[in-house]
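First up is the structure itself, then whatever we jot down about it.
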């Protein structure tokens, strides 16, 4: 790790990719994984709030994003393997994924009976098996480049696998949902809850799909509350 401006810079060599991260401490409470098309820097305002609350966090550029190498064409299962390695190295208490990041974490945690030290999963405005037609319409309007991405095709084609992964979770799950501008439907939320009856939900009314970018303060408050509920003492 190298250090500058109170941020530790870290990297993982995955053989086929170098993955770069920012961290606020060597030991972390939160692992933060961004949405497709984003970078780790979207988490900076959230990380600042977590630091003030005494909570340490680490945010990665996932492969093919930001300064990390590798390719988004490697497929979402590879993102899941990357996420599992991040968990092994950083030993986070709470893992947080927005969209692509959440799918990666679902695969990393799927079927694991002992996911220590992970005490909770936070999924930011994403459900395990979103409606593919709705997703494509939303992306075509909001992020045309992503709408034709092979990675999006791969994720949407794995609805059964993602559903099974969600059903296998035994740890606490939190869904942070965007307001009316978000793409999620009540029916999708209800289906998610049927897979994970332990799921708790928070709604950030003023935010669109990219909640970390639109409403970082509100998202940070939810993460801090989650840490309190899970009795995470803080390493920051």
*Just one of (1) within 19 Å of residue 109 (Cα to Cα); (2) assigned to a loop (DSSP other than H, G, I, E, B) trips up residue 183, so point out which.*
(1)
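Within the stretch 26-56, which residues are under 19 Å from the mean Cα position of the chain (by Cα) and in a loop (DSSP other than H, G, I, E, B)? So that I can check it myself, show each step before the final result.
So in the stretch 26-56, the residues under 19 Å from the mean Cα position of the chain (by Cα) come out as 27-51, 55-56.
Passing the criteria: 27, 28, 29, 34, 35, 36, 37, 38, 39, 55, 56.
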*In the set 234, 120, which member is touching a residue at least 40 places away in the same chain (Cβ under 8 Å), more than 16 Å from the chain's Cα centre (by Cα) and closer than 23 Å to residue 58 by Cα?*
234
*Does residue 97 satisfy the condition of being within 10 Å of the chain's Cα centre (by Cα) and not in a helix (DSSP H, G or I)?*
yes
*How about the stretch 188-211: which of its residues are in a loop (DSSP other than H, G, I, E, B) and either over 26 Å from residue 168 (Cβ atoms) or touching a strand residue (DSSP E or B) at 6+ places or on another chain (Cβ under 9 Å) (or both)?*
196, 198, 199, 205, 206, 207, 208, 209, 210
*Unmet requirement for residue 133, which otherwise passes all of (1) assigned to a helix (DSSP H, G or I); (2) surrounded by 15 or more Cβ atoms within 10 Å (Cβ to Cβ)*: (2)
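Keeping to the stretch 1-21, report how many residues are assigned to a strand (DSSP E or B) and either free of Cβ contacts under 8 Å to residues at least 24 places away in the same chain or over 15 Å from the mean Cα position of the chain (by Cα) (or both).
Filtering the stretch 1-21 for residues assigned to a strand (DSSP E or B) gives 2-4, 7-13, 18-21.
Now narrow it down to the ones that are either free of Cβ contacts under 8 Å to residues at least 24 places away in the same chain or over 15 Å from the mean Cα position of the chain (by Cα) (or both): 2-4, 7-13, 18-20.
Final tally of qualifying residues: 13.
Any residue at all in the stretch 136-144 that is assigned to a loop (DSSP other than H, G, I, E, B), touching a helix residue (DSSP H, G or I) at 6+ places or on another chain (Cβ under 7 Å) and touching a residue at least 60 places away in the same chain (Cβ under 8 Å)?
Kept after step one, since they are assigned to a loop (DSSP other than H, G, I, E, B), are these residues of the stretch 136-144: 143.
Restricting the remaining residues to those that are touching a helix residue (DSSP H, G or I) at 6+ places or on another chain (Cβ under 7 Å) gives none.
For the stretch 136-144, residues assigned to a loop (DSSP other than H, G, I, E, B), touching a helix residue (DSSP H, G or I) at 6+ places or on another chain (Cβ under 7 Å) and touching a residue at least 60 places away in the same chain (Cβ under 8 Å): absent.
Could you grab me the full set of residues in the stretch 137-162 that are at pLDDT below 90 and either under 20 Å from the mean Cα position of the chain (by Cα) or farther than 11 Å from residue 183 by Cβ (or both)? Even if it seems obvious, please write down each step before you answer.
The initial filter retains those residues of the stretch 137-162 that are at pLDDT below 90, namely 137-149.
Answer for the stretch 137-162, where residues must be at pLDDT below 90 and either under 20 Å from the mean Cα position of the chain (by Cα) or farther than 11 Å from residue 183 by Cβ (or both): 138, 139, 140, 142, 143, 144, 145, 146, 147, 148, 149.
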_Within the stretch 76-91, does at least one residue satisfy the condition of being within 15 Å of the chain's Cα centre (by Cα), within 19 Å of residue 158 (Cβ to Cβ), part of a loop (DSSP other than H, G, I, E, B) and touching a residue at least 60 places away in the same chain (Cβ under 8 Å)?_
no
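The values are calculated or read from the model by the stated rules, or taken from the named source; none is laboratory data. What you see is a predicted model; the values in this text were computed from it and never measured. Virtual Cβ from ideal backbone geometry, glycine too; neighbours counted across all protein chains shown.
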